[in-house]
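In what follows, a single structure is set out as structure tokens and then discussed.
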Amino acid sequence: MNKKIYLSSPTMHGKEQEFVREAFDTNWVAPLGPNVNNFEKELAEYVGCDHAAALSSGTAAIHLALRMLEVEQGDIVFVSSLTFSATCNPIMYEKAIPVFIDSEPDTWNMSPEALRRAYEIYPQPKAVIVVHLYGTPAKLDTIMSICAEHNTPLIEDAAESLASTYKGRETGTFGLMGIYSFNGNKIITTSGGGMLVSAEGGLIDKARFLATQARDIARHYQHSQVGYNYRMSNITAGIGRGQLLFLDEHKAKKQAIYRQYQVAFEDIPEITMNPQNVDGESNNWLSCMTIAKGCAVTPDMIMDRLEAENIESRPIWKPMHLQPVFAGYDFISHTGGDKKGNQQKEGSQDNEGCEAVSEDIFARGLCLPSDVKNTDEDMALIISLVRNFF
Ligand SMILES: *Cc1c(COP(=O)(O)O)cnc(C)c1O
């Protein structure tokens, strides 16, 4: 059996251990501590944002961002449909109502056209959550101007796009708040963790307060609000500080992987790589491909073949509006033909003739191994296995 080739797995460098060791040597494994403070400071400096709160996960960061905006039961939140469920689960924690927005084909991210139409149906959403999928920045200028027209705060889910830029500025720093994830498969990892960033210090202070059980300033334990145990530990933050030193290296490697695939498949008209934003630079967290409509090769065939060689690949995220758990919520498509909740069951009558961009990407796409540790031999093997189908 070949050695396993991963989709995107943790890559440690040893430097992480120095920060962790320091925490051990000073018995400062918890609570919080200097690694947490420094990781916040160093990440904020990296992305060019003034304030950051280190948290237990990216999901927790999204949840706190919604709490900061006082999203409550019955409030509408517009959110990208083509994403991982962690983007929208926190909307459900607050019993708010997600309205799923389709992708546009140029970046696979939130369609400004669909977003505009969503406002015609729901003029007053409490928040918009935009995702930068697989590292590719969304069309931020247009999305931000639509949000500004309607006075809606924007949250950027930059979990997959740390170190990606749009017009020279880091994704995650455009919205009122942005979030990053350090889950095991992300471009850098702390084993698990997240960060909430904002230019507004007040929001980040408030988020830290809620993340540490919302303890009022008093010697006795007094609480005026419901809090969470969402902070990052001093050990975890130590791993993050070490990883941050290698973020640029990881990004360069992932970009090189994308280019290798791109060049290798250039002469195959049936294969298209996932789009890049002409106004930005992607961290290429995952390299993805789609297969031309009408081609006999399916993503499943390629994934099965890779799996037989001990090579990990993955389907494109299944759009949220097709998920059983979110079947009751509305979906606004890029091209028109929107769907009310409960009409979205896959293969149902109502689904016929649907031209949702996100559904099409899901049907024809897959994520290729994009691990920082991929060697040239690994890449050659993956590429030849895929090429053999065409
Ligand atoms: C990974 C991810 C998250 C969640 O991050 P966790 O740290 O795993 O909670 C959120 N959104 C997207 C798009 C992700 O890929």
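Readers should treat all values here as calculations from the given coordinates under stated rules, not as data from a laboratory. Everything numeric here is computed off the predicted structure, so don't read it as measured data. FYI the Cβ positions are ideal-geometry reconstructions off the backbone, even for glycines, and counts take in every protein chain you see.
For this structure, a couple of remarks:
- Gaussian network model of the chain, springs between alpha carbon atoms under 10 Å - residue of Pro324, Pro369, Pro90 with greatest fluctuation: Pro324
- Mean-square fluctuations from a GNM of the chain, with a 10 angstrom spring cutoff on Cα atoms, peak among Tyr119, Tyr134, Tyr166 at Tyr119.
- Two-decimal Rg to Rh for the range 30-72 - Kirkwood Rh, Cα set: 1.04
- Annotation for Ile217 and Lys4: the two label points, set 7 Å from Cα along the Cα-Cβ direction, are 5.0 nm apart.
- Anisotropy class of the range 23-102 from Cα gyration tensor, a/c 1.5 cut: prolate
- Note on the chain: GNM, Cα springs under 10 Å; of Asp378, Asp279, Asp216, the largest mean-square fluctuation is that of Asp216.
- Positive end of the dipole of the range 125-252 (Cβ unit charges, origin at the Cα centre): among Ser198, Ala218, Leu154, the Cα lying farthest that way belongs to Ala218.
- Principal axis dimensions, the range 15-246 - Cα atoms, whole angstrom, descending: 58, 42, 26
- Amide N proximity, the range 134-161 versus Glu70 label position 7 Å along Cα-to-Cβ, cut-off under 20 Å: 148, 150-155
- Cα gyration tensor category, rounded, prolate or oblate, for the range 172-240 with a/c compared to 1.5: oblate
- Between Val297 and Thr272, the contour length at 0.36 nm per residue exceeds the Cα-Cα span by 7.7 nm.
- Magnitude of the charge dipole for the range 15-246, about its Cα centre and with charges confined to Cβ atoms of Lys, Arg (+1) and Asp, Glu (-1), is about 480 debye.
- Dividing the summed -39500 (n - 2.57) terms of all DSSP H runs of n ≥ 4 by the residue count of the chain sets its mean residue ellipticity at 222 nm at -10000 deg cm²/dmol.
- Relative to the Cα centre, the charge distribution of the chain, modelled as +1 at Lys and Arg Cβ and -1 at Asp and Glu Cβ, gives a dipole magnitude of about 860 debye.
- Full-extension gain in nm, Leu245 to Asn27, via 0.36 nm per residue minus C-alpha separation: 76.1 nm
- Most to least packed among 141-152, 196-207 [average Cβ atoms within 10 Å]: 196-207, 141-152
- Environment charge of Asn183, counting only residues whose C-beta is closer than 13 Å and scoring Lys/Arg +1, Asp/Glu -1: -1
- Subset of Lys95/Lys340; Lys186/Lys206; Lys186/Lys251; Lys167/Lys251; Lys318/Lys340 violating a 20 Å alpha-carbon distance limit: Lys186/Lys206
- Value of D in µm² per second that Stokes-Einstein yields for the chain, Kirkwood Rh from Cα pairs, at 20 °C (1.002 mPa s): 99
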